[in-house]
Amino acid sequence: MQIIFDDIDAAEIDRRIALYGPLTQAVRELVDATIRTEADEDTIRDVEATIRVATARLREKQIEGSFGARYTADGTVMSWGNAAVGVRNPIAPPMVVERDDTGLHWAEITLGAAYEGPPGLVHGGVTALLLDQILGHAAAVDGKPSFTGTLTLRYRRPTPLGKVRAEARVDRVEGVKTFVVGSLSTADGLTVEADGVFIQPAWVRDRAE
């Protein structure tokens with residue numbers, strides 16, 4: 001597991017988000033356009049060549065492997081390669097998780113063509129990704145991450161593409177295990193229910209000691 005501790009402050013984090021965020025969004029829009037385009041053959045080939053040139057420029061200097069888990073000196077996590085919330089990952093919807101004083105975590109997400117499974121519906125694996133992520137956020141008691149031990153989903157009805165809401169809250173904590181419940185819904189009601197067991201990894205426990 002690649003875990004990096006960077007000695008940077010909040011201002012530097014904001015600067016990097018302002019730099020990489022628009023690039024990520026541009027690629028996200030490119031993915032959507034690629035799925036839905038009806039452009040002519042010459043246009044398709046020209047755009048492909050342009051994208052390959054842009055990709056080569058970005059690859060001139062890059063890290064080895066994945067982005068990994070990065071933490072600032074004050075413990076702020078930068079999960080920027082994450083498939084659900086990553087600032088630098090155009091696969092991510094993105095999912096921005098909020099929290100209230102009661103411990104409820106939630107996110108409002110818009111899922112477009114890139115997340116389709118059955119026609120017009122969100123892929124079941126994508127709903128699992130979103131719920132795994134938000135349950136994991138809720139399980140991170142005091143900001144300490146926990147990893148998924150088990151995740152159980154109950155698909156109540158199909159989830160249509162468009163706006164969805166994910167919610168999660170802690171049910172109970174037993175030692176290093178946190179039990180979390182959550183759901184996915186649309187304006188028409190509940191679509192998926194979830195419960196999971198999240199386990200605090202040894203390296204987190206070791207740092208706390």
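Using the structure shown, decide if residue 39 is closer than 25 Å to residue 123 by Cα and either modelled with pLDDT of 95 or more or surrounded by fewer than 11 Cβ atoms within 10 Å (Cβ to Cβ) (or both). For residue 39, the condition - closer than 25 Å to residue 123 by Cα and either modelled with pLDDT of 95 or more or surrounded by fewer than 11 Cβ atoms within 10 Å (Cβ to Cβ) (or both) - is not met. Under the condition of being over 17 Å from the mean Cα position of the chain (by Cα), assigned to a strand (DSSP E or B) and acidic (Asp, Glu), the residues counted in segment 136-177 number 2.
Tell me, yes or no, whether segment 126-141 has at least one residue that is at pLDDT 95 or above, under 20 Å from residue 85 (Cα atoms), exposed (fewer than 15 other Cβ atoms within 10 Å of the Cβ) and not assigned by TED's automatic domain parsing to the domain that holds residue 25. Checked against the condition, which is being at pLDDT 95 or above, under 20 Å from residue 85 (Cα atoms), exposed (fewer than 15 other Cβ atoms within 10 Å of the Cβ) and not assigned by TED's automatic domain parsing to the domain that holds residue 25, segment 126-141 yields no hits at all.
Among the residues of segment 72-112, those that are farther than 22 Å from residue 23 by Cα, part of a strand (DSSP E or B) and touching a Phe, Trp or Tyr at 6+ places or on another chain (Cβ under 9 Å) comprise 72, 98, 99. Close Cβ contacts (under 6 Å, 6 or more residues apart or on different chains) running from residues in segment 18-29 that are assigned by TED's automatic domain parsing to the domain that holds residue 47 to residues that are charged (D, E, K, R) and surrounded by 14 or more Cβ atoms within 10 Å (Cβ to Cβ) comprise 20/88; 24/88. Of everything in segment 133-165, what is closer than 27 Å to residue 119 by Cα and among the β-branched types (Val, Ile, Thr)? Give them in sequence order. Scanning segment 133-165 gives 134, 152, 159, 164.
If you go through segment 95-116 and keep only what is aromatic (Phe, Trp, Tyr) and in contact with a helix residue (DSSP H, G or I) (Cβ under 6 Å, 6 or more places away or on another chain), you end up with just 115. Scanning segment 108-152 for residues that are more than 27 Å from residue 175 (Cβ to Cβ) and of a type in the set (Asp, Glu) returns 108, 116.
Do the conditions hold for residue 24, that is, is it among the polar types (S, T, N, Q), surrounded by fewer than 15 Cβ atoms within 10 Å (Cβ to Cβ) and part of a helix (DSSP H, G or I)?
On the way: among the polar types (S, T, N, Q): yes; surrounded by fewer than 15 Cβ atoms within 10 Å (Cβ to Cβ): no; part of a helix (DSSP H, G or I): yes.
Taking the combined requirement at face value, the residue does not satisfy it.
Taking segment 42-68 as the search range and keeping residues that are at pLDDT below 95 and more than 18 Å from the chain's Cα centre (by Cα), which one is nearest to residue 84 (Cα to Cα)?
So the first thing to find is which residues in segment 42-68 are at pLDDT below 95, and the list is 62-68.
Those still in the list that are more than 18 Å from the chain's Cα centre (by Cα) too: 62-65.
On the way: 62: 22, 63: 21, 64: 21, 65: 18 Å.
For segment 42-68, the residue satisfying everything is 65.
The values are calculated or read from the model by the stated rules, or taken from the named source; none is laboratory data. This one's a predicted model, so the numbers in the text were calculated from it and none came from an experiment. Glycine also receives a Cβ, built like all others from the backbone with ideal geometry; neighbour counts cover every protein chain displayed.
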